[in-house]
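Engineer: Sending over a structure as structure tokens; questions will come in a sec.
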Amino acid sequence: MTKVYVSSVIPAPAAEVWKLVRNFNGLPGWAPFVAESRIEHNAQADQIGCIRNFTLKDGGRIRERLLALSDYDLSCSYAILESPMAVENYVATLSLTPITDGNVTLAEWQAEFDCEPDREAALVQQIGDSVFQTALTGLKHRFGR
Amino acid sequence: MVKVCQSTIIDAPIDEVWAILRDFNGHDRWHPAIAFSEIEGGEPVDAVGSVRHFRLKDGGESREQLLALSDKDRRLSYCLLEAPLPLMGYVASVRLKPVTDGNATFWEWRSEFHPPAHRRDELVKLVTESIYQAGFAAVRNLLRRRSTGSLVEQRTPRAAVAPVPSASISRVASTTDQAATTRAIVVERYGGPEELQLRVIGLPPPAPNEVQIRHTFVGVNFIDVYCRTGYFDLLQPPGVPGMEAAGVIEAVGSAVSGFSIGDRVAYACPPVGAYAERRNMAPELLVSLSDDISDEIAAAGLLKGVSASFLLHDVHAVKPGEIVLIHAAAGGVGQLLVQWARHLGATVIATVSSDEKARIVERLGAHHVIVYSRENFAEAVMRLTNGAGADVAYDAVGNDTFAGSLAALAVRGHLISFGQASGPVGSWDIGQFSSKSITISRPNYAHYTDTPEKLGPHINRFFAALRQGVIRIGVPRQYNLAQAADAHRDLETRNTTGALVIKV
């Protein structure tokens with residue numbers, strides 16, 4: 001089991017950040033590498049079990065199932081069903097924590113998955129930097145920094 | 001039961017922060033409230049169940065027991081066994097998380113307890129500010145001293161990433177070992193009202209030639225806007241704005257005479273730093289408040305009253321029978337100018353932006369009120385004075401009114417430009433002023449008030465005018481410290497009448 005953990009400070013109140021992050025169909029609005037997204041079978045984006053089907057700007061396609069969404073904990077977990085990354089048992093959680101000092105937000109994004117041992121380092125780098133950190137940086141830019 | 005949760009970002013790697021916090025007996029080396037601590041019975045400091053017995057700076061003693069310690073989660077929990085305060089059932093935890101984007105540390109400190117109902121607010125405030133926020137500031141200072149090895153600011157790239165505790169804020173902070181803290185509004189960079197951020201910063205004991213003041217009310221003035229935007233360089237970011245406040249002296253430096261702890265004082269002078277619960281400053285320009293002057297009125301009126309005093313007596317000595325034009329007459333200084341100029345025997349023509357403000361200014365005694373959004377005020381002044389014009393015009397509006405003020409002046413009239421709320425007045429060819437032999441003044445507050453000798457007469461005159469009812473200061477609009485940005489927005493959108501204060 002491989003783990004990836006990335007975190008950033010987002011310069012906005014947690015409630016504001018959560019409005020964006022809670023939308024399971026909303027990645028194109030802040031993740032710079034996502035071209036378009038839809039929810040399969042016309043399900044609601046906050047219905048547990050719904051599947052988001054999104055296209056990357058490089059042409060790749062990913063399907064992910066919403067496993068958990070908590071407006072109380074400000075967290076969202078999902079599993080990859082299909083992706084070009086060749087990972088298995090991939091479960092990720094994106095969660096927000098208010099930082100009272102300055103009324104800003106800690107955003108944490110972590111994932112666990114299985115993969116071929118010789119691809120582990122490259123996948124950790126790709127998921128940690130090119131996906132999670134890039135998306136969190138996009139989120140920061142949405143709030144003006 | 002109440003819950004308290006405070007969190008911050010410390011600009012240091014998580015392992016460094018955890019090394020400090022996991023030492024259950026180490027808090028007397030960083031927390032400003034704690035004088036001495038020891039583990040009972042010689043237990044190891046990281047043995048779950050160990051009890052720390054410690055003495056507070058104020059003399060109280062407490063015992064706390066370690067309930068859980070996790071190097072994996074970087075979390076520890078503890079409970080209070082004995083304390084001088086009724087923090088019944090107090091259980092607290094500290095946890096850290098890495099901020100991988102910039103190698104900083106998220107620190108959360110939370111607790112639950114059952115306070116007696118009548119002391120609930122007081123105890124929540126104490127835990128929030130005096131324990132948790134003060135602890136954040138102290139650890140930040142400790143790490144900064146370690147990392148720099150000196151007091152020189154070290155700005156790292158990640159300081160720009162983590163928005164909260166950048167090294168630049170620490171420069172405002174105390175450099176003493178037992179740093180106390182204060183809540184303050186900090187401007188980290190010049191800009192809009194959103195740059196007024198509530199922070200906890202260090203506050204050292206006063207220097208030998210300083211006193212420490214606990215503010216009760218802070219005056220909000222347009223000059224604070226100019227400091228925030230960088231139009232005036234009285235504030236160098238990061239810095240605390242504000243030049244007017246009232247409060248109580250809490251500590252006196254060894255070289256200070258004439259002031260004692262407990263004295264009620266007010267001030268309206270540089271250096272900036274009034275938007276804070278407490279500050280240190282030199283006492284030369286402090287004004288002692290007598291019992292009949294409230295803190296609120298002093299904070300609302302001192303700067304404006306002193307301004308009105310030198311504008312009406314020094315910059316131009318208003319004489320009976322003169323025609324005086326006053327712009328923004330419903331504003332803080334404007335209201336004082338209207339009342340005082342009338343008392344001095346002048347004919348007062350006031351301009352305002354709305355009918356509502358017109359009614360306020362009429363009640364203050366203006367002879368004529370012009371709503372300048374509806375009527376060309378220069379033409380109105382000429383009509384009201386049978387073509388003679390105003391002997392003196394007080395204009396702090398600037399760009400929108402400057403040309404009209406010139407046109408409204410009498411021959412040998414005097415235009416006093418003492419602000420530019422609507423923008424700078426721009427460049428003018430002074431040759432054309434000869435058409436009416438006009439005098440222009442551009443007074444600077446400091447040049448009339450920067451020594452006790454200059455300031456004293458204005459203070460005396462202002463307080464006398466207050467006592468005699470020559471001028472009345474209306475109830476100021478109140479904000480709390482966290483609403484400083486709202487106060488600036490209201491001031492800048494000309495939404496206000498009279499004075500604005502921050503109740504600390």
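Engineer: I need a count of the residues in segment B:220-266 that are of a type outside the set (Asp, Glu) and in contact with a Leu (Cβ under 6 Å, 6 or more places away or on another chain).
Structural biologist: Count: 7.
Engineer: Ok, one more. Determine whether segment B:77-94 contains at least one residue that is touching a His at 6+ places or on another chain (Cβ under 7 Å), away from chain A (no Cβ under 14 Å) and surrounded by 17 or more Cβ atoms within 10 Å (Cβ to Cβ).
Structural biologist: Taking every residue of segment B:77-94 in turn, none turns out to be touching a His at 6+ places or on another chain (Cβ under 7 Å), away from chain A (no Cβ under 14 Å) and surrounded by 17 or more Cβ atoms within 10 Å (Cβ to Cβ).
Engineer: Would you confirm whether or not segment B:49-60 contains a residue that is of a type in the set (S, T, N, Q), over 37 Å from the mean Cα position of the chain (by Cα) and more than 14 Å from chain A (Cβ to nearest Cβ)?
Structural biologist: Restricting attention to segment B:49-60, the residues satisfying the condition of being of a type in the set (S, T, N, Q) are B:50.
Then keep just the ones that are over 37 Å from the mean Cα position of the chain (by Cα); that gives B:50.
Narrowing further to those that are more than 14 Å from chain A (Cβ to nearest Cβ): B:50.
Checking segment B:49-60: at least one residue is of a type in the set (S, T, N, Q), over 37 Å from the mean Cα position of the chain (by Cα) and more than 14 Å from chain A (Cβ to nearest Cβ).
Engineer: Residues A:Ser70, A:Ser83: which one is closer than 25 Å to B:Trp107 by Cα and either under 12 Å from the mean Cα position of the chain (by Cα) or away from chain B (no Cβ under 14 Å) (or both)?
Structural biologist: Every option except A:Ser70 fails the conditions.
Engineer: Consider segment B:1-58. How many of its residues are surrounded by 15 or more Cβ atoms within 10 Å (Cβ to Cβ) and among the basic types (Lys, Arg)?
Structural biologist: Residues that pass the stated criteria total 3.
Engineer: I would also like to ask the following. Condition first: modelled with pLDDT under 95 and of a type in the set (Ser, Thr, Tyr). Can you find one or more residues in segment B:362-376 that meet it?
Structural biologist: Yes, because at least one residue in segment B:362-376 is modelled with pLDDT under 95 and of a type in the set (Ser, Thr, Tyr).
Engineer: Same structure, new question: How many of the residues making up segment A:36-52 are assigned to a strand (DSSP E or B) and of a type in the set (D, E, K, R)?
Structural biologist: Kept after step one, since they are assigned to a strand (DSSP E or B), are these residues of segment A:36-52: A:36-39, A:51-52.
Among the residues that remain, those that are also of a type in the set (D, E, K, R) are: A:36, A:38, A:52.
The total comes to 3.
Engineer: Look through A:Ala121, A:Ala86, A:Ala68, A:Ala111 and report the one residue that is surrounded by 14 or more Cβ atoms within 10 Å (Cβ to Cβ) and of a type outside the set (D, E, K, R). Reasoning before the result, please.
Structural biologist: Details: A:Ala121 fails: surrounded by 14 or more Cβ atoms within 10 Å (Cβ to Cβ); A:Ala86 fails: surrounded by 14 or more Cβ atoms within 10 Å (Cβ to Cβ); A:Ala68 fails: surrounded by 14 or more Cβ atoms within 10 Å (Cβ to Cβ).
Criteria check complete, one pass: A:Ala111.
Engineer: Do we find that B:Ile20 is within 25 Å of A:Gly102 (Cβ to Cβ), within 14 Å of another protein chain (Cβ to nearest Cβ) and at pLDDT 90 or above in this structure? It would help to see each step written out before you state the result.
Structural biologist: On the way: within 25 Å of A:Gly102 (Cβ to Cβ): yes; within 14 Å of another protein chain (Cβ to nearest Cβ): no; at pLDDT 90 or above: yes.
Answer is no for this residue.
Engineer: Another one. Taking strands (runs of 3 or more DSSP E) that fall entirely within segment A:53-142, which contain at least 2 residues that are in contact with a strand residue (DSSP E or B) (Cβ under 6 Å, 6 or more places away or on another chain), at pLDDT 95 or above and under 20 Å from A:Ala35 (Cα atoms)?
Structural biologist: Numbers: elements: A:61-70, A:75-82, A:88-99, A:104-114.
Hits in segment A:53-142: A:61-70, A:75-82.
Engineer: Would you confirm whether or not segment B:231-238 contains a residue that is within 14 Å of chain A (Cβ to nearest Cβ), at pLDDT 85 or above and more than 22 Å from B:Ala298 (Cα to Cα)?
Structural biologist: Yes - at least one qualifying residue is present in segment B:231-238.
Engineer: Still on this structure: Of all residues being crowded, with 21+ Cβ neighbours inside 10 Å and touching a His at 6+ places or on another chain (Cβ under 8 Å) in segment B:245-277, which is nearest to B:Gln483 (Cα to Cα)? Just the residue, please.
Structural biologist: B:Ala276
Engineer: Which of (1) of a type outside the set (S, T, N, Q); (2) away from chain B (no Cβ under 14 Å); (3) in a strand (DSSP E or B) does A:Val9 not meet, given it meets every other one?
Structural biologist: Tallying (1) of a type outside the set (S, T, N, Q); (2) away from chain B (no Cβ under 14 Å); (3) in a strand (DSSP E or B), A:Val9 fails exactly one: (2).
Engineer: Let me ask something else. Would you please name the residue that is farthest from A:Phe143 (Cα to Cα), looking only at residues in segment A:14-34 that are in contact with a strand residue (DSSP E or B) (Cβ under 7 Å, 6 or more places away or on another chain) and within 14 Å of chain B (Cβ to nearest Cβ)?
Structural biologist: A:Ala14
Engineer: Out of B:Ala329, B:Ala317, report the one residue that is free of Cβ contacts under 8 Å to residues at least 12 places away in the same chain, under 18 Å from B:Ala390 (Cβ atoms) and part of a loop (DSSP other than H, G, I, E, B).
Structural biologist: Residue meeting the stated conditions: B:Ala317.
Engineer: Consider segment B:15-59. How many of its residues are closer than 19 Å to B:Glu129 by Cα, in contact (Cβ under 8 Å) with a residue 60 or more places away in the chain and of a type in the set (A, V, I, L, M)?
Structural biologist: 2
Engineer: I've got another one for you. Step by step: first the residues of segment B:95-125, then only those that are under 30 Å from A:Asp129 (Cβ atoms) and of a type in the set (Asp, Glu), then the one that is nearest to the other protein chains (Cβ to nearest Cβ). Which residue is that?
Structural biologist: B:Asp101
Engineer: Next up: Please indicate, with yes or no, whether at least one residue in segment B:411-426 is closer than 23 Å to B:Leu312 by Cα, in contact (Cβ under 8 Å) with a residue 60 or more places away in the chain and either in contact with a Cys (Cβ under 9 Å, 6 or more places away or on another chain) or exposed (fewer than 15 other Cβ atoms within 10 Å of the Cβ) (or both).
Structural biologist: No.
Engineer: Related question: Just the residues that are closer than 13 Å to B:Asn25 by Cα, among the hydroxyl-bearing types (Ser, Thr, Tyr) and surrounded by fewer than 18 Cβ atoms within 10 Å (Cβ to Cβ), please, taken from segment B:59-76.
Structural biologist: The answer is none; no residue qualifies.
Engineer: Quickly run through segment B:357-389 and pick out the residues that are loosely packed, with under 13 Cβ neighbours inside 10 Å and either on the phi > 0 side of the Ramachandran plot or in the same structural domain as B:Asn495 (by TED's automatic domain parsing) (or both).
Structural biologist: The answer is B:Asn386, B:Gly387.
The values are calculated or read from the model by the stated rules, or taken from the named source; none is laboratory data. Source: prediction; values computed, not measured. Cβ coordinates were reconstructed from backbone atoms using ideal geometry, including for glycine residues, and neighbour counts include every protein chain displayed.
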